[in-house]
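S.K.: Mind looking over this structure? Questions follow.
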Amino acid sequence: MVWNSVTQPWKPPYTSDSLTLCRIGRIVTINGNVKFTGSGTQNYAMAVETIPEAFRPLADQSIISFPSCGFSLLVMRDGKVQMLGDPKSAYSTAHGCWMSE
């Protein structure tokens with residue numbers, strides 16, 4: 001299978017750090033730790049960054065959570081990313097998992 005196991009770094013908004021996208025079969029996970037460089041409440045604002053095509057979810061609003069600061073990213077099927085909450089210039093782990101095509 002072409003997508004048996006693939007990993008790729010991905011830079012989320014408001015940081016210069018990267019997270020790791022991992023695809024095994026149709027399951028995609030994203031994990032890591034970042035230091036946000038900005039703050040400000042986001043209310044469904046669109047990020048400039050997008051998820052690469054090979055890692056995009058089957059369903060809109062798949063979640064990447066940054067639990068240490070209450071910031072979340074909602075990933076759409078087309079790879080666009082909406083931001084919710086405030087990254088608070090904080091350090092945070094990141095976690096997400098979804099099914100892909």
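The values are calculated or read from the model by the stated rules, or taken from the named source; none is laboratory data. Being a predicted model, the structure only gives us computed values, none of them experimental. Quick reminder, even Gly has a Cβ in these numbers, built from the backbone with ideal geometry, and neighbours come from all protein chains shown. Each accessible area value is taken on the protein alone, full model and side chains, heavy atoms only, with ligands, DNA and RNA left out. Shrake-Rupley method; radii C 1.70, N 1.55, O 1.52, S 1.80 Å.
S.K.: Which residue is nearest to the chain's Cα centre (by Cα), if the candidates are limited to segment 25-35 and must be of a type outside the set (D, E, K, R) and either outside any strand (DSSP E or B) or closer than 15 Å to LEU74 by Cβ (or both)?
M.R.: So the residue we want is ILE30.
S.K.: Please indicate, with yes or no, whether at least one residue in segment 71-86 is touching a Phe, Trp or Tyr at 6+ places or on another chain (Cβ under 6 Å) and surrounded by fewer than 17 Cβ atoms within 10 Å (Cβ to Cβ).
M.R.: Within segment 71-86, one or more residues are touching a Phe, Trp or Tyr at 6+ places or on another chain (Cβ under 6 Å) and surrounded by fewer than 17 Cβ atoms within 10 Å (Cβ to Cβ).
S.K.: Moving on to the next point. Condition first: over 11 Å from the mean Cα position of the chain (by Cα) and surrounded by 16 or more Cβ atoms within 10 Å (Cβ to Cβ). Now tell me which residues in segment 40-56 satisfy that.
M.R.: GLN42
S.K.: Right, here's the next one. Could you say whether any residue in segment 15-35 is out of contact with any strand residue (DSSP E or B) (no Cβ under 6 Å at 6 or more places or on another chain), among the hydroxyl-bearing types (Ser, Thr, Tyr) and over 19 Å from SER100 (Cα atoms)?
M.R.: yes
S.K.: Residue check, ASP60 against (1) assigned to a strand (DSSP E or B); (2) free of Cβ contacts under 8 Å to residues at least 60 places away in the same chain; (3) open to solvent by 70 Å² or more (accessible area, probe 1.4 Å), all met but one. Which one?
M.R.: Checking ASP60 against (1) assigned to a strand (DSSP E or B); (2) free of Cβ contacts under 8 Å to residues at least 60 places away in the same chain; (3) open to solvent by 70 Å² or more (accessible area, probe 1.4 Å), the one that fails is (1).
S.K.: Taking the options THR7, THR37, THR29, THR20, name whichever one is exposed (fewer than 14 other Cβ atoms within 10 Å of the Cβ) and touching a Cys at 6+ places or on another chain (Cβ under 7 Å).
M.R.: Answer to the check: THR7.
Yes or no, residue by residue, for (1) in a loop (DSSP other than H, G, I, E, B); (2) farther than 17 Å from SER16 by Cβ; (3) charged (D, E, K, R):
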residue: ILE51; (1), (2), (3): yes, yes, no
residue: ARG77; (1), (2), (3): yes, yes, yes
residue: LYS88; (1), (2), (3): yes, no, yes
residue: ALA94; (1), (2), (3): no, no, no
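S.K.: Take GLY38 and decide whether it is at pLDDT below 95 and in a loop (DSSP other than H, G, I, E, B).
M.R.: Yes, satisfied.
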